[in-house]
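Reading through the structure tokens given below for one structure.
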Amino acid sequence: MDFEKIKKQENKYYMPMFNRANICFTHGKGNRLYDTAGKEYVDFTAGIAVNCLGYGYPPLVEAVASQAQKLIHISNLYYNEPQSQLAEALIESSIFSRVFFSNSGAEANECAIKLARKYYVKKGIPNKHRILCAVDSFHGRTLATCTATGQDKYSAPFAPLPEGFSHVPYNDFAALKDALTDDVGAVMLEPIQGESGVVCASYDYLVNVYALCKQKGVLLILDEVQTGVGRTGKRYCFEHYGIQPDIVTLAKGLAGGVPIGATLARGEVAESFAYGDHGSTFGGNPLACAAALAVNEKISDPDFIARVESAGQRLQDRLMELRKYKFVADVRGKGLMRGLQLSDKVKNAEVIGRMREKGFLVASAGRNTLRFVPPLTITEEEIDAMAKQLGEIFANTNV
Ligand SMILES: *Cc1c(COP(=O)(O)O)cnc(C)c1O
């Protein structure tokens, strides 16, 4: 494969949307990726927290290949066995009572917003339409979800925007309580803000928000598109907080790399949609659902989840050791979702570039942060090797 040719093609024909690294991968195996020059990389990005079982994981490859032989797509005009099996698997293992499948995180959130609004319409109080979101949140790129996103850069150029979204500072319970006017029907939060720098909701904050929502009869929507599917060392991140959201959304890791989104709801809100209220041509297609069933099998193994927790702790410990460098401003996260924030003197993009040269892929996030979201199968040796390399780069950084 000719890298320069691929790059030229893309520059000419693709919309200039992404500031891509100068690299193109041809294949992967386990937690490693290989580029067009045959160079090997240990992957701490996992396609942005998507490839939770790494590359070429046999049960996932087998599930996709054998489903592709049978049926890839059938539409929602007909019943579909992988879809109904996945729905059962997700619901029976959770506090939720119904699920709807789509194709991405944004779509899963879009569905959550529509579900919340329909809940109040059905109850006869349609003016409870407002969704309270957090500053610096990220919920997707559709018009409603980029408006829900608490970062103007994602929505301002696309005005006029949908109405009924407000934003309050994250981890500030008093501000949220003040903003909970009578027209607010739902609070929508990420338990860990991923895109804006791996910022965890404090325990007290989320527990207080949950209690307030319950007391006021306001729905709590948790966007677990990035934190779900075992990423934080629990199946759902909200389990760390002992709370029960009304609606939760999943996507990234759910089918190990095949596009899928899921919106799960419990209680009365789960019964809010009627025939025709929402829909999706591709959503819940047999291929994506067969892949998600293979992932779910692994995620349902308590030993596997326990290992995510211990590997995550090791990653945290290794990153904490780097706090001896004064320009390491903070280390945050849960499980295998970690962020290392740098002071303004050191640019995260430069560190990421140098790590790539050394064969380690790390992602960026807001607040000049390095984001570590490896496959959940990442080994202790790979974690140690990555941290050692990062330490060498830091040791050679003169500030
Ligand atoms: C990635 C992400 C989204 C958007 O998912 P897409 O699949 O890109 O639409 C939404 N919310 C959170 C928390 C995310 O991390």
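Worth pointing out:
So that you can scan it fast, the table gives a plain yes or no per residue for (1) out of contact with any Lys or Arg (no Cβ under 6 Å at 6 or more places or on another chain); (2) more than 17 Å from LEU115 (Cα to Cα); (3) of a type in the set (Val, Ile, Thr); (4) not in a loop (DSSP other than H, G, I, E, B):
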| position | (1), (2), (3), (4) |
| --- | --- |
| PHE138 | yes, yes, no, no |
| THR145 | yes, no, yes, yes |
| GLY150 | yes, yes, no, no |
| PRO162 | yes, no, no, no |
| ALA175 | yes, yes, no, yes |
| GLY185 | no, no, no, yes |
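- Looking only at the stretch 131-148, and only at residues there that are more than 21 Å from VAL209 (Cβ to Cβ) and more than 7 Å from the ligand (Cβ to nearest atom), the one that is surrounded by the most Cβ atoms within 10 Å (Cβ to Cβ): CYS146
- So LYS114, is it in contact with an Asp or Glu (Cβ under 8 Å, 6 or more places away or on another chain) and surrounded by fewer than 19 Cβ atoms within 10 Å (Cβ to Cβ): yes
- Residue selection: VAL209 fails the criterion of being touching a Cys at 6+ places or on another chain (Cβ under 8 Å) and not in a loop (DSSP other than H, G, I, E, B).
Every residue, every condition in (1) over 25 Å from ASN103 (Cβ atoms); (2) away from the ligand (no atom under 16 Å from the Cβ), yes or no:
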residue: ASN31; (1), (2): yes, yes
residue: ASP43; (1), (2): no, yes
residue: ILE48; (1), (2): no, no
residue: CYS52; (1), (2): no, no
residue: GLY56; (1), (2): no, yes
residue: LEU60; (1), (2): no, yes
residue: ALA63; (1), (2): no, yes
residue: ALA68; (1), (2): no, yes
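- Top-ranked residue of the stretch 149-190 - restricted to ones that are acidic (Asp, Glu) and closer than 24 Å to TYR236 by Cβ, ranked as farthest from the ligand (Cβ to nearest atom): ASP172
- Exclusive hit being without any contact (Cβ under 8 Å) to a residue 12 or more places away in the chain and surrounded by 15 or more Cβ atoms within 10 Å (Cβ to Cβ), set VAL99, VAL61, VAL42, VAL50: VAL61
- Residues of the stretch 124-139 include none that is of a type in the set (Ser, Thr, Tyr) and more than 20 Å from the chain's Cα centre (by Cα).
- Residue count, the stretch 77-116 (criterion: more than 16 Å from the ligand (Cβ to nearest atom) and either of a type in the set (Val, Ile, Thr) or modelled with pLDDT under 95 (or both)): 3
- Selected residue (only one of SER196, SER166 is over 27 Å from GLY54 (Cβ atoms) and of a type in the set (Ser, Thr, Tyr)): SER166
- Inter-residue pairs, beta-carbon under 6 Å, first among the polar types (S, T, N, Q) and in the stretch 212-236, second away from the ligand (no atom under 11 Å from the Cβ), 6+ apart: THR232/LYS334; THR232/GLY335
The values are calculated or read from the model by the stated rules, or taken from the named source; none is laboratory data. Owing to the predicted nature of the structure, the values given are computational and were not obtained by experimental measurement. Positions of Cβ are generated from backbone atoms using ideal geometry, with glycine treated the same way; all protein chains shown enter the neighbour counts.
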